[in-house]
Amino acid sequence: MTHISTWIDEYHKGSRFGLNGEILIKQNSKYQEIIVIENEYYGRALMLDGCWMTSFKDDKYYHECLVHPALSSIDEKSNVLIIGGGDGGTARECVKYSQISKIDLVEIDEEVIKISKKFLKEIGGEAWNDKRLKIHIDDGVQWVKKTRDNFYDVIFIDCSDPSEFSNLLFSDSFYRECKRILKKNGILATQSESPESFKNIHISILKTLKKIFKVSETMYSFVPIYPSGIWSWTFASEEVLNLSKQNYIETLRIEKGCEIWNLNFQNAAFKMMPNKIVKELNS
């Protein structure tokens, strides 16, 4: 069988980032175009509506940074909500923690989950078989609205960039609803876009969370497959956000299995806010 290589590009403001390889699947769901490509360097990579989401090579840069700062500081039995995350990477990192009782993964596009399980099963890993993981094909905004007060210990917003069907996941009203369903000392953890490629959206997310929650902190690191490479994750709570307070026995065990995250990496990443972002937040 002949394997035909082609270039698939993400275009952004006059620039593009492309991967060359064999297209394993190209399919339109109810919500978006889904592509999986096999690339020599990045391995298999997932693109949704023209934007790179993840790849075998660099998925841990994103998922470890989203999950571990929040979960490594929790030492009680916890209920977790993941909004989005259909590739399974966030769930994979969550199931490493023994103190988690239940994980609700709410993904609007069932095809993303089906394709990820078939073509990107290494990203979800053992999470797909973990009994604590419950998958719900639903709108994340509606799921949050119908959830009772003070239910979740941690909420992860693992969504794609703002689009026609994901814009509400970046709204004031949605963040306020997330605050309502979090326990008093609960943590909201969200990807908060790039301070370079998506600067205006990034600043808007940070200002909104700072307005709604008593405490919020942002960490910066790199996701090589994303436009400009630099990315951010923001953590918010109504209580003191002591993300350096670790459940040490659990953390040391999990650190050994991580490729990117450890406590020193995390502490440095929380100090990497570009000065231009600091100025805008203080203006």
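Nothing in this text is a laboratory measurement; each read-out follows from the coordinates by a stated rule. Please read these numbers as outputs of a predicted model, since none were measured by experiment. Positions of Cβ are backbone-derived with ideal geometry, glycine not excepted, and every protein chain shown enters the neighbour counts.
Here are some notes:
- If R0 is 45 Å, the Cβ-Cβ spacing of ASN242 and LYS13 corresponds to a FRET efficiency of close to 0.75.
- The orientation-averaged projection of the convex hull spanning the C-alpha atoms of the stretch 1-114 amounts to 8.8 square nanometres.
- The stretch 209-280: relative contact order as a whole-number percent, Cα under 8 Å and 6+ apart: 33
- Relative contact order (percent, whole number), the stretch 36-182, Cα cutoff 8 Å, 6+ residue spacing: 23
- Of the trypsin sites (Lys or Arg not before Pro) found in the stretch 60-105, the ones in coil according to DSSP and having at most 14 other Cβ atoms within 10 Å of their Cβ are LYS77.
- Largest mean-square fluctuation among THR54, THR208, THR90, in a Gaussian network model of the chain whose springs join Cα atoms under 10 Å apart, belongs to THR208.
- Folded to 0 to 90 degrees: helix 199-212 orientation relative to the chain principal axis, Cα: 30
- Net charge in the neighbourhood of ILE201 (other residues with Cβ under 10 Å of its Cβ; Lys, Arg +1, Asp, Glu -1) is -1.
- Measuring nothing but how far apart in sequence close Cα pairs (under 8 Å, 6+ apart) lie, relative to its length, the chain scores a relative contact order of 17 percent.
- Each Lys and Arg Cβ is given +1 and each Asp and Glu Cβ -1; about its Cα centre, the chain then shows a dipole of about 840 debye.
- In this simple spin-label model, placing a label point 7 Å from the Cα along the Cα-to-Cβ direction at both ASN200 and LEU168 gives a separation of 2.3 nm.
- Members of LYS26/LYS117; LYS77/LYS131; LYS60/LYS121; LYS60/LYS183; LYS102/LYS145 lying beyond 22 Å, as alpha-carbon distances in this model show: LYS60/LYS183
- Exposure proxy ranking, count of Cβ atoms within 10 Å, fewest first, for TYR226, TYR42: TYR42, TYR226
- In order along the stretch 170-176, the Karplus-derived 3J(HN,Hα) couplings, from 6.51 cos²θ - 1.76 cosθ + 1.60 at θ = phi - 60°, round to 10, 8, 4, 4, 5, 4, 5 Hz, and Gly and Pro are given as x.
- Normalised by 2.2 N^0.38 Å, where N is the number of residues, the C-alpha radius of gyration of the stretch 5-55 stands at 1.07.
- Each Lys or Arg adds one and each Asp or Glu takes one away; over the other residues whose Cβ falls under 14 Å from the Cβ of GLU22, this sums to 0.
- Ranked list, fewest to most other Cβ atoms within 10 Å of each Cβ, for MET47, MET273, MET53: MET273, MET47, MET53
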